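Take a look at the structure set out below.
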Amino acid sequence: MITVDEALDRIFTRIPTPLPESVPLSRAHKRVLLKPLLSKHTQPPFDASAMDGYAVRAAEIVPGQPLFLAGTSQAGARFTGMMQKGECVRIFTGAPMPIGADAVIMQEEATARGNQVSFAKVPRVGQSIRRRGFDFAEGKELLPAGQPLTPAKLNLAASANYAELSVARRPKLAILATGDELVAPGSEIGPDQIVASNSYGLIPLLAPYAEKIIDLGIVKDDKAALEKSLLAAFDYGVDVLITSGGASVGDRDYMQDVLRDLGVTLDFWKILMRPGKPLMFGTRGKTLVFGLPGNPISAFVTATVLVRPALRLMTGHTDPFWPFLGVPLAAPLAAGGERRHFVRGKLNRNEIGFLEVLPIAETDSNHSSSLAEADALIIQPENSPGIEAGEIVEIIPLNMLG
Ligand code: AMP
Ligand code: MG
């Protein structure tokens, strides 16, 4: 058995270098740049007014003494003349500064009578002007590579005059559930049957990192049937294949045999983690294969801890583990064993409003309602002697993922 960190290392060495594709801005949300984005022009492209008011020459202003109103500069239609001595120009937010002006006085501090405008105060040179290039200059690195494009980053990319962005391609995934006892949600449940739930959590968990997820449905614990389904996924050319169930050592746990028969090179099949010990990872050509455990909590936690970081790297993210936070523990955790324990936890606010995490007592790997209640997984390290309330623990938030 290997540690979680060793398993992650081994998975990460198999991650192919992400390839670029061009997408329109409107489809680039949460996608990841592979190269820094450089601005194509200077912004603002001209000195512009930051206020609705009057463009003036600061040195000419004497409070109460009027200037002659020579014209107007609007956003999209500048004042074309040259502002002469003794003149001011009506100007609006975002409009180009007239030649000859060096300050803007906001309209609240001006009194206009016909063509005569007087001002309450002497402005400073440069007042209420946004200088050309104040936001960014042509060629400046605006956005780094390796981070997801947020709404504000997309706003910036648009203002830097990009209609399309080159982002990392996302992998094609296939997902399969296996077990003779499994029936689809909504079925009439016969004696001894269990509703197959795993794929319904895994698909939305991993969807932010996938171009497409093919759901291969439920396959019986039958070697031929499993081979047929998995081969179809390989032939289709999926980048990542994820199975749940049939991964342990029961008589009808065929996954390991089937994967080997199909030519998958298995790298490891057991990890020192709780929940989730039976976890297979291997490769077949370019396809990464994850054989997750069948127990719903084990499947979800292994996907969160191992598959999601792998998909983040495949999709160009530089930080595979984000978000990864430290918060105080609200109640003690008892001593742990040699396996790293991912303990379900609820995020609370303490009396002074700070975030803390309360461990959920239930640790069974088949107990779905406690996972649904959890907002985070608390990471209890290997051989932990127990953790006191108030100590900072690392958590993986569950519902800010993507
Ligand atoms: P296995 O890994 O096949 O031994 O399955 C372990 C446990 O998880 C068994 O109780 C299965 O019934 C259950 N299980 C397996 N696959 C699923 C699934 N897709 N959804 C819900 N439970 C499952
Ligand atoms: Mg089974």
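If you go through the range 291-346 and pick out every residue that is hydrophobic (A, V, I, L, M, F, W, C), touching a strand residue (DSSP E or B) at 6+ places or on another chain (Cβ under 7 Å) and within 16 Å of ligand 2 (Cβ to nearest atom), you end up with 2.
For the range 224-248, how many residues are charged (D, E, K, R) and exposed (fewer than 15 other Cβ atoms within 10 Å of the Cβ)? Selection size over the range 224-248: 2.
Listed conditions (1) open to solvent by less than 50 Å² (accessible area, probe 1.4 Å); (2) away from ligand 1 (no atom under 16 Å from the Cβ); (3) farther than 27 Å from Pro309 by Cα are all met by Pro171, apart from (3). Of all residues in the range 289-302, none that is modelled with pLDDT under 95 has its Cβ atom under 9 Å from the Cβ atom of a residue that is β-branched (Val, Ile, Thr) and within 16 Å of ligand 2 (Cβ to nearest atom), 6 or more apart or on another chain.
Please go through the range 192-221 and give me each residue that is of a type outside the set (A, V, I, L, M) and open to solvent by 70 Å² or more (accessible area, probe 1.4 Å), ordered by number.
Asp192, Tyr200, Pro204, Glu211, Lys212, Asp215, Lys220
Exactly one residue out of Gly86, Gly133 is free of Cβ contacts under 8 Å to residues at least 40 places away in the same chain, open to solvent by less than 50 Å² (accessible area, probe 1.4 Å), on the phi > 0 side of the Ramachandran plot and of a type in the set (Gly, Ala, Ser), and it is Gly86. Just to verify a result, which residue in the range 254-290, among those that are over 27 Å from Glu338 (Cβ atoms) and among the acidic types (Asp, Glu), is least open to solvent (accessible area, probe 1.4 Å)? In this case the residue turns out to be Asp257. The residues listed here are Gln116, Gln147; of these, the one that is open to solvent by 70 Å² or more (accessible area, probe 1.4 Å) and at pLDDT below 95 is Gln147. Screening the range 177-284 for helices (runs of 4 or more DSSP H) wholly inside it with 2 or more residues that are closer than 26 Å to Ser370 by Cα and within 16 Å of ligand 1 (Cβ to nearest atom) returns the ranges 198-206.
Taking each residue of the range 344-357 that is in contact (Cβ under 8 Å) with a residue 24 or more places away in the chain and among the acidic types (Asp, Glu) and looking for partners that are part of a strand (DSSP E or B) and surrounded by 13 or more Cβ atoms within 10 Å (Cβ to Cβ) with beta-carbon atoms closer than 8 Å, six or more apart or interchain, yields Glu356/Val327; Glu356/Pro328; Glu356/Leu329; Glu356/Leu347; Glu356/Asn348. Only residues that are surrounded by fewer than 16 Cβ atoms within 10 Å (Cβ to Cβ) and acidic (Asp, Glu): list them for the range 101-113, please. Once the filter is applied, which keeps residues that are surrounded by fewer than 16 Cβ atoms within 10 Å (Cβ to Cβ) and acidic (Asp, Glu), the range 101-113 yields Glu108, Glu109.
The values are calculated or read from the model by the stated rules, or taken from the named source; none is laboratory data. Keep in mind the model is a prediction, meaning the values are calculated, not measured. Heads up, the Cβs are rebuilt from the backbone with ideal geometry, glycines too, and the neighbour counts pull from every protein chain shown. SASA here: full protein model, heavy atoms, side chains in, ligands and nucleic acids out. Shrake-Rupley method; radii C 1.70, N 1.55, O 1.52, S 1.80 Å.
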